[in-house]
Amino acid sequence: MAPFGAHAREHKNGIIDLSQGTPIDATPEFIQTALKDYSNSPSYPVTIGTPELRAAMRNWATNILGASGEFDLLPTIGSKELVAWLPSILRAKTVLYPKIAYPTYLVGSMIYEASAIAVELDAETWPKSEIAWINSPSNPTGRVHSEKEMQAAIDYARKNDSLVVSDECYLSFPATGQAPISILNVAKGNNKNLLAVHSMSKRSNLAGYRAGLIIGDPEIISKIREVRKHAGMMVPLPIQSAMTAALGDEKHVSEQAVRYSRRREVLSTALIQAGFEIEFSDAGLYIWCTRHEKSWDSVSWLAELGILATPGIFYGEAGTNYIRIALTATDEQIADATKRILNSLQRA
């Protein structure tokens, strides 16, 4: 990416970096206040979370995700470290992950030297494994699993006594089409061999805080908790305070969802006029699109305009002809990117 980034920076009006899903909107003030209020934090944090945080996580899982039945919860240091270390913690020999996917699923398998297999979305085609990842809404595509697809993954977990982990970090940002749903909602209270992974990074603009959580099978979470306790994987108390506040409020989440929806609508119009076809992008904060050319050709075309996007090949061979464009830029930058694209068409 470095040469394309350097070229984009040469644009007379500067670079508009849409290659990373790094939130740029402000962390809500009430969450910052909760962090500051616990800044005097001399004692060690508890791995399982404070009573206040545990209550907030449980209420959120029940009321927002639709979780029911018996389940446990655990705060994590963001979701990425959980994704990366889960195969090691659970000693998984075989890990399944989607053919177009967030790279850390594969990296986590490599850390433990597990056998990693890229699979289709249809769980009925999956081989037996210790861990199978699903990701809805998907990074990078924004595709949302149907309830039928979720149920097939649950059936796979039951049939093979395998752990199915649903990465749901973008659940809060529906865009078009089918609304995202948690696997715990579909499970209808039977959470055996199921985990849902969530992050506060995008939902509450807390990427710098490193705050996430997992919800699901109490037996699995107990195993994870014991390892994390001894490995020092504890969320700092000020962060736990901030998480408690953030999980108790949905208004700021809805406001952020509107921002991303507005940016998606503005930029999509220009991309379509430039010959891109947008596929999926039904939720989350990315646009997944193609001009039926190699990823790098599309990245190069945008770099000429001072816009940096991510080649789809980064997410697997199936992304060869696609690019991922992040909506994590200011409204002004999105408007500028749109203008640059449309102006280039007038010059052509």
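A short reminder: the numbers here are calculations on the coordinates, not readings from a lab. These numbers come from a predicted model, not from an experiment. When we count neighbours, we look across all protein chains shown, and the Cβ atoms used for this are built from the backbone with ideal geometry, even at glycine.
Quick notes on this one:
- Geometric descriptor of the chain, per residue, is 134 Å³ (volume of the convex hull of the Cα atoms).
- Reported to the nearest whole Å, the Cα centre-to-centre distance from the range 81-109 to the range 167-220 is 17.
- Fully extending the segment from HIS7 to MET110, taken as 0.36 nm per residue of separation minus the present Cα-Cα distance, adds 33.8 nm.
- Kirkwood hydrodynamic radius of the range 108-182, from inverse mean 1/r over distinct Cα pairs, in Å: 13.2
- Listed residue pairs exceeding 27 Å between alpha carbons, taken from LYS80/LYS251; LYS80/LYS128; LYS148/LYS223; LYS148/LYS251: LYS148/LYS223; LYS148/LYS251
- Where a label projected 7 Å from the Cα of LYS223 along Cα→Cβ would reach, residues of the range 66-104 with amide N under 14 Å: 86-95
- Within the chain, percent of DSSP bridges classed antiparallel, to nearest 5: 50
- Extension gain, ASP122 back to SER254 (0.36 nm per residue minus Cα-Cα distance, nm): 44.4 nm
- FRET efficiency estimate (nearest 0.05) - Cβ-Cβ, ARG262 to LYS36, R0 45 angstrom: 0.90
- Calculation over all alpha carbon pairs of the range 61-110 in 5 angstrom steps from 0 returns a P(r) of 5, 16, 22, 17, 19, 16, 5, 0 percent.
- Mean separation of Cα contacts under 8 Å, 6 or more apart, over the residue count of the chain: relative contact order %: 26
- Here LYS12 is the anchor, and the aspartates and glutamates within straight C-alpha reach of less than 15 Å, apart from those fewer than 8 places off in the same chain, are GLU304, ASP336.
- Structure-based [θ]222 nm, the chain - -39500 (n - 2.57) summed over DSSP H runs of at least 4, per residue, nearest 500: -12500 deg cm²/dmol
- Derived scalar couplings ³J(HN,Hα) [the range 208-215; Karplus, 6.51 cos²θ - 1.76 cosθ + 1.60; whole Hz; x for Gly, Pro]: x, 7, 6, 9, x, 7, 10, 9
- Relative to the current alpha-carbon distance between ALA231 and GLU29, full extension at 0.36 nm per residue lengthens the span by 69.5 nm.
- The GLU304 and THR62 beta-carbon pair, evaluated with R₀ = 56 Å, returns a calculated FRET efficiency of approximately 0.65.
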